[in-house]
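These notes are about the structure you will find just below.
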Amino acid sequence: MNKSEQVGRELQRRRLCGGRLLVRGVAQAEVARRVGVTRSTVSDWNERLHEGGLDALKRRPRGRPAGLDTAQRRELMRVLTRGALAEGFATNLWTLPRVTRLIERRFARAYSESHVWRILVSLGFSCQRPSGRALERDEAAIQHGKHKRWPVLKKTLRDKAESSSSSTSRD
């Protein structure tokens, strides 16, 4: 058991002890003194006690409920490996905004992109940058353009002896 769990159990023990004292009719000020808490804390306990009995004073889970369960994570992995095109996106590239939308659509869970990134890393994915080259790239046509067509299109100075048209020229 770690320190946080020990502290949580001790706090719950104090709440339940205080709750039992309140049930027996001990005054809130006396409960606060015996348990070592403030009067306002005992007042909160008293409200919870009246709403839900001693169970209402037991330790409650903290934070947000757990995220995607194991089955949902497996399904997410399967969907991601099928590709973005299969999910109706314009290209097959998965981006954080796309995965975020996918999780919202499939599992009705809204996560920030940074949390989606943590989910992806936990599934074994890593950041991949696209090479930037089109699949339809034609190397022969590119070489022809560089060596044959470009020199014809390239502008060159007509006569180097001509004067400049710059407005800052002295002439």
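Return yes when E136 is among the acidic types (D, E) and in contact with a Ser or Thr (Cβ under 7 Å, 6 or more places away or on another chain) and no when it is not.
Values: among the acidic types (D, E): yes; in contact with a Ser or Thr (Cβ under 7 Å, 6 or more places away or on another chain): no.
No; evaluated as a whole, the condition is false for this residue.
Hey, among L102, L68, L80, L76, which residue is touching a residue at least 24 places away in the same chain (Cβ under 8 Å) and not in a helix (DSSP H, G or I)? Talk me through it step by step, then tell me what you get.
Values: L102 fails: not in a helix (DSSP H, G or I); L80 fails: not in a helix (DSSP H, G or I); L76 fails: not in a helix (DSSP H, G or I).
Among L102, L68, L80, L76, only L68 is touching a residue at least 24 places away in the same chain (Cβ under 8 Å) and not in a helix (DSSP H, G or I).
Can you say whether T91 is within 30 Å of L135 (Cβ to Cβ) and outside any helix (DSSP H, G or I), as far as the supplied structure shows?
Values: within 30 Å of L135 (Cβ to Cβ): yes; outside any helix (DSSP H, G or I): yes.
Yes, satisfied.
What number of residues within the stretch 87-108 are closer than 18 Å to A71 by Cα and surrounded by fewer than 15 Cβ atoms within 10 Å (Cβ to Cβ)?
Here the count works out to 4.
I'd like to know if the stretch 34-50 contains one or more residues that are aromatic (F, W, Y) and not in a helix (DSSP H, G or I). Quick ask: steps written out before the conclusion?
Taking the stretch 34-50 as the starting set, the residues that turn out to be aromatic (F, W, Y) are 45.
Next cut, not in a helix (DSSP H, G or I) only: none.
Taking every residue of the stretch 34-50 in turn, none turns out to be aromatic (F, W, Y) and not in a helix (DSSP H, G or I).
Under the condition of being surrounded by 10 or more Cβ atoms within 10 Å (Cβ to Cβ) and not polar (S, T, N, Q), which residue from the stretch 138-156 is nearest to the chain's Cα centre (by Cα)?
To start, the set of residues in the stretch 138-156 that are surrounded by 10 or more Cβ atoms within 10 Å (Cβ to Cβ) comprises 138, 141-146, 149-150.
Remaining after also requiring not polar (S, T, N, Q): 138, 141-142, 144-146, 149-150.
Working: D138: 39, A141: 44, I142: 42, H144: 47, G145: 45, K146: 45, R149: 49, W150: 48 Å.
Ranking the qualifying residues of the stretch 138-156, first place goes to D138.
A110 is checked against (1) in a loop (DSSP other than H, G, I, E, B); (2) touching a residue at least 12 places away in the same chain (Cβ under 8 Å) and fails just one. What number does that condition carry?
In the conditions (1) in a loop (DSSP other than H, G, I, E, B); (2) touching a residue at least 12 places away in the same chain (Cβ under 8 Å), A110 misses (2) alone.
Readers should treat all values here as calculations from the given coordinates under stated rules, not as data from a laboratory. This one's a predicted model, so the numbers in the text were calculated from it and none came from an experiment. For neighbour counting, all protein chains shown are included, and Cβ atoms are generated from backbone atoms with ideal geometry for every residue, glycine included.
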